[in-house]
Amino acid sequence: MGDLMMDFNLKGSALGHLTSAVQFGFILGTLIFAILTITDRFSPSKVFLTCALLGSLFNAGIIWEGNSLASILSLRFITGFFLAGIYPVGMKIAADYYEKGLGKSLGFLVGALVVGTAFPHLAKEMTGAFPWKSVLVLTSFLGALGGILMLIMVPDGPYRKPGNKLKISAFFGVFQNPKFRSAAFGYFSHMWELYAFWAFVPIILKTYSTEHPESAFNIPLLSFLIIGIGGLACVIGGYLAQTLGTNRIAFIALLLSCGCCLISPLMFATESEIVFICFLIFWGIVVIADSPLFSTLVAQNASAEIKGFALTIVNCIGFSITIISIQLLNVLQAKINPIYIYTILALGPIFGLILLYEKNKSNRLHTFFKRFT
């Protein structure tokens, strides 16, 4: 990102704008995909392939030397639009294969998403001796390859129930289900923190280096490790959820990530680089561990005919929320001491924790009264 901003003479604020452009594209894409119920009416694997190829093409378009800020933002927006046919469609495919064990399968799927999110940082480290454009060429190639592999190796699942027509009213109907609504709002609270943290990991490392000039961080490699370790957390969380319960593991992960937000100013003050890096790695684990669990609850509480719609519309709203938190951090880092701004990310987890607590209390009361009636 730094090289791109330098080559095209972009201001520091472009970081938030370029990240949010992808989110805006994804939001519009998921909204259109949901309204048209694309993933329920057409083969999910073919939708995945089409969007992977087109998304990769527009992602690679940034390497054109004649780009301006407007054209780069447009390319990021269109890339985000076609990502709407990747992430929620991938979850729909998983849901079509698993009626039982969905939490574990989504743990692997979201874990792959996390590693993919972190990979460009590793690519930056691996291609340090090459022009920055090589990162975009590499990620675009892998994106297209992923789409091809999906079509060849992952046909439509045995539990897929295709929808035959548009269901505009599905949006209102699906949120009338209280269990679905609770899972969706839990996912929204988690998204407030997640992508803002991921987007600012390199900035967090750079801020610490500014506060402690004696530190020398390999920012691309550390960014990969801090974000990528979350992939393992998703897998482990999926297994733990099978034994301890999806709601319980989601609550614990959300509580721990909330704590990380709140104590982040203290961590910036520590003189130990090792303590600071370990803290960020731990944050990278707990910030994402609940994501596949909330997605599992969303999928399980939507009917089979509109499961793709349900996952897509929840993604749409969730990523809309990420724009607010990313842009808020973008503004705050220029207004106040940046070591304090990440506490604002605790607002989402706090809301989610209250919601989960109330839901669990309601379930316990329901179970209690059921025994005696």
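Matching residues to (1) more than 16 Å from the chain's Cα centre (by Cα); (2) polar (S, T, N, Q); (3) modelled with pLDDT under 85:
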site: 3; (1), (2), (3): yes, no, yes
site: 42; (1), (2), (3): yes, no, no
site: 45; (1), (2), (3): yes, yes, no
site: 65; (1), (2), (3): yes, no, yes
site: 72; (1), (2), (3): yes, no, no
site: 77; (1), (2), (3): yes, no, no
site: 89; (1), (2), (3): no, no, no
* Taking the options 106, 149, 142, 136, name whichever one is assigned to a helix (DSSP H, G or I), out of contact with any Asp or Glu (no Cβ under 7 Å at 6 or more places or on another chain) and surrounded by 21 or more Cβ atoms within 10 Å (Cβ to Cβ). => 106
* Structure fact -> The one condition residue 265 fails out of (1) under 12 Å from residue 291 (Cα atoms); (2) of a type outside the set (Ser, Thr, Tyr); (3) over 20 Å from the mean Cα position of the chain (by Cα) is (1)
* To do: Select, from 253, 233, 304, 289, the only residue that is within 24 Å of residue 158 (Cα to Cα), aliphatic (A, V, I, L, M) and either modelled with pLDDT under 90 or within 16 Å of the chain's Cα centre (by Cα) (or both).
  => 304
* Condition met for residue 25 (outside any helix (DSSP H, G or I) and either closer than 29 Å to residue 310 by Cβ or in contact with a Gly (Cβ under 6 Å, 6 or more places away or on another chain) (or both)) -> no
* Structure fact -> Conditions (1) over 28 Å from residue 23 (Cα atoms); (2) assigned to a helix (DSSP H, G or I); (3) not small (Gly, Ala, Ser) -> residue 208 fails only (1)
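Residue by residue, here is whether (1) of a type in the set (A, V, I, L, M); (2) over 16 Å from residue 292 (Cβ atoms); (3) buried (at least 21 other Cβ atoms within 10 Å of the Cβ); (4) in contact with a strand residue (DSSP E or B) (Cβ under 8 Å, 6 or more places away or on another chain) holds:
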| residue | (1), (2), (3), (4) |
| --- | --- |
| 44 | no, yes, yes, no |
| 52 | yes, yes, yes, no |
| 64 | no, yes, no, no |
| 73 | yes, yes, no, no |
| 81 | no, yes, yes, no |
| 92 | no, no, yes, no |
| 102 | yes, no, yes, no |
* Going by the structure shown, is residue 27 hydrophobic (A, V, I, L, M, F, W, C), surrounded by fewer than 21 Cβ atoms within 10 Å (Cβ to Cβ) and either in contact with a helix residue (DSSP H, G or I) (Cβ under 9 Å, 6 or more places away or on another chain) or at pLDDT 90 or above (or both)? -> no
* Structure fact -> Of those in the range 113-133 that are within 30 Å of residue 285 (Cβ to Cβ) and of a type in the set (D, E, K, R), the residue surrounded by the fewest Cβ atoms within 10 Å (Cβ to Cβ) is 125
* Of 36, 53, which residue is over 29 Å from residue 331 (Cβ atoms) and at pLDDT below 90? -> 36
* Residues being outside any helix (DSSP H, G or I) and out of contact with any Gly (no Cβ under 6 Å at 6 or more places or on another chain): count how many of those fall in the range 78-103. => 6
* Asked: Which one of the conditions (1) in a helix (DSSP H, G or I); (2) over 26 Å from residue 329 (Cβ atoms); (3) in contact (Cβ under 8 Å) with a residue 40 or more places away in the chain does residue 73 fail to meet, given that it meets all the rest?
  -> (2)
* To do: Please state which of the following conditions residue 282 fails to meet, knowing it meets all the rest: (1) crowded, with 21+ Cβ neighbours inside 10 Å; (2) within 22 Å of residue 228 (Cα to Cα); (3) modelled with pLDDT of 85 or more.
  => (1)
* Scope the range 199-211; condition surrounded by fewer than 23 Cβ atoms within 10 Å (Cβ to Cβ) and either free of Cβ contacts under 8 Å to residues at least 40 places away in the same chain or not aliphatic (A, V, I, L, M) (or both); matching residues -> 202, 206, 207, 208, 209, 210, 211
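The values are calculated or read from the model by the stated rules, or taken from the named source; none is laboratory data. Predicted model, so just to flag it, every value in this text is computed and none were measured. Note that we place each Cβ from the backbone using ideal geometry, even for glycine, and neighbour counts take in every protein chain shown.
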